1. Once amide H atoms are built 1.01 Å from N in the peptide plane, which residues 5 or more positions from Leu267, or in another chain, come under 5 Å H to H?
2. Residue by residue through segment 299-314, which ³J(HN,Hα) values in whole Hz follow from phi under the Karplus form 6.51 cos²θ - 1.76 cosθ + 1.60 (θ = phi - 60°), with glycine and proline marked x?
3. How much length would be gained if the chain were fully extended between His343 and Asp29, taking 0.36 nm per residue of separation minus their Cα-Cα distance, in nm to one decimal?
4. Describe numerically, in nm with one decimal, the distance between label points set 7 Å from Cα along Cα→Cβ at Ser373 and at Glu84.
5. Starting from the alpha-carbon convex hull of segment 217-278, give the projected area averaged over all orientations, in nm².
6. Using every pair of alpha-carbon atoms in segment 277-319, split the distances into 10 Å bins beginning at 0 and state the percent of pairs per bin, rounded to integers.
7. Considering amide H positions built from the backbone, and no H for Pro or chain starts, which residues 5 or more places from Tyr224, or on another chain, come under 5 Å of its amide H?
8. Taking amide H positions as placed 1.01 Å from N in the peptide plane, with prolines and chain starts having none, which residues 5 or more places from Gly132, or on another chain, fall under 5 Å of its amide H?
Amino acid sequence: MFKEFLYLLRKSGLNVSLTEWVSLMEALDKGLHDSGFTGFYHLCRCLLVKSEADFDCFDRCFLDYFKGIPSQQELSQELLEWLEKPNSPMGEFDEQQAELNAQLSQAEVEALFEERKYEQREQHNCGNYWIGTHGMSVFGNVGMSPNGIRVGGQSEYKRAFRVAGERRFRDFREDSTLDIRQFQSALRRLRQFSGLVDLPRTQFDVERTIQDTAQQGGMLKIRYKRPRENTVKLLLLMDSGGSMEYYSTLCSALFQAVSKSRHFRELKIYYFHNCIYTRLYNEPMIDPKSSVPSDWVLSNLSEDWKVVFVGDAQMSPRELEGSYQGHGEDGPRCGLDWLHLFHRKYPHTIWLNPGDRPDWGEEWSHSYDTIASLFPMFPLTVEGLEKGMKKLLTR
């Protein structure tokens, strides 16, 4: 079954063994794909792809082989037509309902969504219960809930953790190398050379060679000097999860560019979610078992480190100023307290933000403006990175 698909994967460079292919056939026989096309895609990717680096290649092969097969319809056409209301008036923002929505887990939202799909019999908008638009519901589009599932419409505020009916297998861009090179070019601006490093004199000194040769009547006198090295120490702190999922490709390009830049004297990369709290994480999965205390970073990295935050400053004020985020050495600290500590310790700090300043409500622009008042903020683009690198050296 699908043997041509196997040959296509191998021809494209994916190392798919016969054992893995037999496992896929057994999984299909047991119905692990939920008898759906999307489920089949996820099952194939799970069993046949060994590395995240091969996801793009697999998706291109999948699209090429199955491009004539329609996807399983998760939502009724009638429901989607109800939600095509981009110009309807916005309902009223309910802060209490927003807090309740924020407390719902993704699993709870998914379960409620399945219930609403079968309960709803007519169009509803500007509400907080049904699948609709311009309201406080966690299902729909153009709404004001801090989280939820987008159904139809276009992405505007980038707060949904999933898009209902979205087909994730699509034709990916093939010019990501160019993006990485552009970021690498921008990072080259972050250089502070010094010839005083304690290294052997191995670099040819043209000026002194000419001078000493001339002074000795033309007798060649070779001179060497210590090489100049970049003395910049860079601390990269990246937001992971939540709204940053929408910018994963962009952040991946930046991460690769920084990782491949060999000219930094020292480089450390940590992750956080929403804001800096009591711990920083070694992996983007935000695993507490692989983390370091934020106090440790502040105590062990001197003030001459350059700090680059990469995160979405559009967040709920409670994520920035809430008092439940743990304790530091001096007692309870919220996210804003930690940012103030980094601001005082590291004078050379910038914030790279992937999205624009929100202009549709003070609730969401408050956190953005607060962070922008602490750190110079630049867009997460090649041009923004170039300006940010220049700012790090001059501030």
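The values are calculated or read from the model by the stated rules, or taken from the named source; none is laboratory data. What you see is a predicted model, and the numbers here were worked out from it, not measured in a lab. Virtual Cβ from ideal backbone geometry, glycine too; neighbours counted across all protein chains shown. These area figures cover heavy atoms from the full protein model, side chains too; ligands, DNA and RNA do not enter into them. Shrake-Rupley method; radii C 1.70, N 1.55, O 1.52, S 1.80 Å.
1. Leu234
2. 7, 9, 9, 5, 6, 7, 6, 8, 10, 10, 8, 10, x, 8, 6, 7
3. Length difference between fully extended and current span is 107.3 nm.
4. Calculated label separation equals 4.5 nm.
5. Computing the convex hull of the Cα atoms and averaging its projections yields 6.9 nm².
6. Values per bin, smallest distances first: 22, 46, 31, 1.
7. Those lying under 5 Å, H to H, from Tyr224 are Asp205.
8. Distant-sequence amide H within range of Gly132: Phe139, Gly140, Asn141.
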